[in-house]
Each structure stands twice: as C-alpha cells, then as structure tokens.
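Below: the structure, in structure tokens.
The values are calculated or read from the model by the stated rules, or taken from the named source; none is laboratory data. From a predicted model like this one, the values you see are computed outputs, not experimental measurements. Reconstructed Cβ throughout: ideal geometry from the backbone, glycine too, with neighbour counts over all protein chains shown. For accessibility, only protein heavy atoms count, side chains too; no ligands or nucleic acids. Shrake-Rupley method; radii C 1.70, N 1.55, O 1.52, S 1.80 Å.
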Amino acid sequence: MDKKGILIVVSGFSGSGKGTLMKALLAKYPDNYALSISATTRTPREGEMDGREYFFKTKEEFEKMIAKEELIEYAKYVENYYGTPRKYVEEKLAEGKDVILEIEIQGALKVKEAFPDTLLLFVTPPTASELKARLVGRGTETMDVIESRMNRACEEALGMDRYDYLIVNDDLDQCVEEMHSIIRGEHHRSSRNSRFIEEIREDLERMKQ
Ligand code: ADP
Ligand code: 5GP
C-alpha cells in the first residue's frame, strides 16, 4: 500500500472533547500521527504552554505570518485569530505521518479546497446538554464566553454534513478506537493507493504469458 500520510482535519464544537481525544489518540498511537500546533492571538489558559498547545502570538505577529504566507489557513474565532503553520504540516506529510489539524469549520473548508484529499472528521458530544456540561465543567471560561461558544456551536452544526465522518465522543476510549479505525480504513481507499495499483498492474503485465 502507498505510504503517503493523510492530512486530517478534526473539527467539533468547543467543549466536545477534541483536545482530550487528540491527546489520547497520540498517546496510544504515537508513531502514526503528528498533531499540528496552531498559532493564535488568544491568551493562554491556565496550564497551557507556548509551543505545546499553541504558539501564542500578538495580533501584529500573527498578521506578519499571514503576510509572509506562513499559514496554510487562518480564521477569526470569537474575536481571536487562529491559523495553521505550513512548514510542520508539509514536513510531517513528507515523512509519511498522518497529520492532524484541530481547527474550526471555516479553516477546515479552506484546507479542503486547497488540498482536496483532506479527510474531514467532526467530533460531537452525544447531546447539546452534555456539551454545555463539559464547557461548564472545564471551568476555563466565563459564563459569557460559554454562551458565545454555545451560540457558535449552533452555527457550526449547520456545517456538520460537509464532513466525511462524525465521531461521537461519549466514551473516550471507544472514541479513540473509532477514530483510529476510520483513519486506518481511509488508507485503503483506492484513490489513495495509485502507486500500488500502478505497480501491481505493471507486475501483472510482466507476468503475462
Ligand atoms: P475541546 O478541545 O473540544 O474544546 P476539551 O478536550 O477541552 O474540548 O474537553 C472539554 C471538557 O470535556 C474537558 O473538561 C474534558 O475533560 C471533558 N471531556 C472530554 N471528553 C470527554 C468524554 N468522553 N466524557 C466526558 N467528559 C469529557
Ligand atoms: P480554543 O480557543 O478552544 O483552543 O479554540 C477555539 C477554536 O479554534 C476551536 O474550534 C479550534 O479547533 C479552533 N482552532 C484552533 N487552531 C486553529 C487553526 O489553526 N485554524 C483554525 N481555522 N481554527 C483553529
């Protein structure tokens, strides 16, 4: 089979558990995946480290990155910029890793436009009330911000059907396995294995009597 890495976009409502899920997936399968670290202008949450969760930038620094075309895509989300640095993604794909971008829907659609064989995954909690419970339970935002994220979730839900697969994050371990198997399955898609097909066709021709 072809060894090419797949570019994977993971979106989902804020609080759906994407971050938790990505951490668990990478811990379980560290050799398969590379997680892109985004740049953002939002302030770090408690426990977040520059260069680990995000590259934290000022608005001026971020706008410079846009101007120099150092980002594959960027979007404004609840008053802050978020964007995907180009270099890391290109390097890891070339190494044959599946590269995961955890980004919101506007960015997801821009990536799909630029790279049509991107796999789009959407993470959702089982219910809307569970989403609110997780946002409140995380305790990292004020009620105002939680309300704006719930409203934003309403808008994002309108785009859920543009994704290739939905991933319901109910039981975390089960969700990790589901996501991993969807991606493993995706590697078998014939359109992702054109080199393999070409080689076996040539071999068969050579063996023809
Ligand atoms: P996101 O990255 O999508 O904003 P987080 O990963 O920060 O979401 O998760 C939001 C909250 O929900 C966190 O407090 C996290 O511990 C919790 N959480 C994540 N996944 C689950 C799950 N499967 N079941 C219950 N709680 C979860
Ligand atoms: P948070 O502030 O909760 O970390 O992230 C807010 C939203 O921004 C999430 O939906 C997250 O997926 C998205 N996001 C994070 N990084 C990027 C990025 O590089 N580009 C885009 N378009 N969205 C991002």
How far is it, in nm, from the label point at Arg52 to the one at Glu79 when both lie 7 Å from their Cα along the line to the Cβ?
-> 2.6 nm
In degrees from 0 to 90, rounded to the nearest 10, what is the angle of the helix 18-28 Cα long axis to the longest principal axis of the chain?
-> 40 degrees
Calculated SAXS-style log₁₀ I(q)/I(0) at q = 0.12, 0.13, 0.15 Å⁻¹ - segment 27-132, Debye, Cα scatterers | -0.46, -0.54, -0.72
With respect to the cross-link table entries Lys18/Lys132; Lys76/Lys112; Lys68/Lys110; Lys4/Lys92; Lys28/Lys110, which display a Cα-Cα separation exceeding 20 Å?
-> Lys28/Lys110
Excluding ligands and nucleic acids, what accessible area in Å² is computed for Leu158 using a 1.4 Å probe, to the nearest 10?
-> 140 Å²
Of Val136, Pro30, Pro116, which is farthest on the positive side of the dipole of segment 2-140, counting Cα position, with +1 on Lys and Arg Cβ, -1 on Asp and Glu Cβ, and the Cα centre as origin?
-> Val136
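Can you bin segment 159-205 into rounded, prolate or oblate? Criterion: square roots of the alpha carbon gyration tensor eigenvalues sorted a ≥ b ≥ c, rounded for a/c under 1.5, prolate for a/b above b/c, oblate for the rest. Could you put the intermediate results ahead of the total?
Details: a/c = 7.50, a/b = 2.42, b/c = 3.10.
Here segment 159-205 falls in the oblate category.
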Under a cut-off of 16 Å between alpha-carbon atoms, report the aspartates and glutamates in cross-link reach of Lys57, not counting same-chain residues fewer than 8 places apart.
-> Glu48, Glu69, Glu70, Glu73, Glu79
Charge dipole of segment 160-209 about the Cα centre (unit charges at C-beta), most positive-ward option of Ile167, Ile182, Phe196 = Phe196
Solvent accessible area, Å² - Ile66, 1.4 Å probe, full protein context | 40 Å²
For segment 1-83, evaluate the Debye formula with one uniform point scatterer on each Cα (no solvent term) and list log10 I(q)/I(0) at q = 0.20, 0.22 Å⁻¹, rounded to two decimals.
-> -1.09, -1.24
Residue by residue, what Karplus-based ³J(HN,Hα) values in Hz, rounded to whole numbers, does segment 152-168 have, using 6.51, -1.76 and 1.60 with θ = phi - 60° and x for Gly and Pro?
-> 4, 4, 4, 5, 5, 4, 5, x, 4, 6, 8, 8, 6, 9, 9, 10, 8
Given the rule -39500 (n - 2.57) for each run of at least 4 DSSP H residues, summed and divided by the residues of the chain, what is its mean residue ellipticity at 222 nm, to the nearest 500 deg cm²/dmol?
-> -14000 deg cm²/dmol
Share of alpha-carbon pairs per 10 Å distance bin for the chain, given as whole % = 8, 31, 36, 16, 5, 3, 1, 0
Restricting to Cα pairs under 8 Å and 6 or more apart, the percent relative contact order of segment 1-127 works out to 44 percent
In sequence order, what are the phi-derived ³J(HN,Hα) couplings for segment 85-97 according to the Karplus relation 6.51 cos²θ - 1.76 cosθ + 1.60 with θ = phi - 60°, rounded to whole Hz, with x for glycine and proline?
-> x, 6, 4, 4, 4, 5, 4, 5, 4, 5, 6, x, 7
Can you give the charge dipole size of segment 1-86 about its Cα centre, rounded to the nearest 20 debye, using +1 on the beta carbon of Lys and Arg and -1 on the beta carbon of Asp and Glu?
-> 220 debye
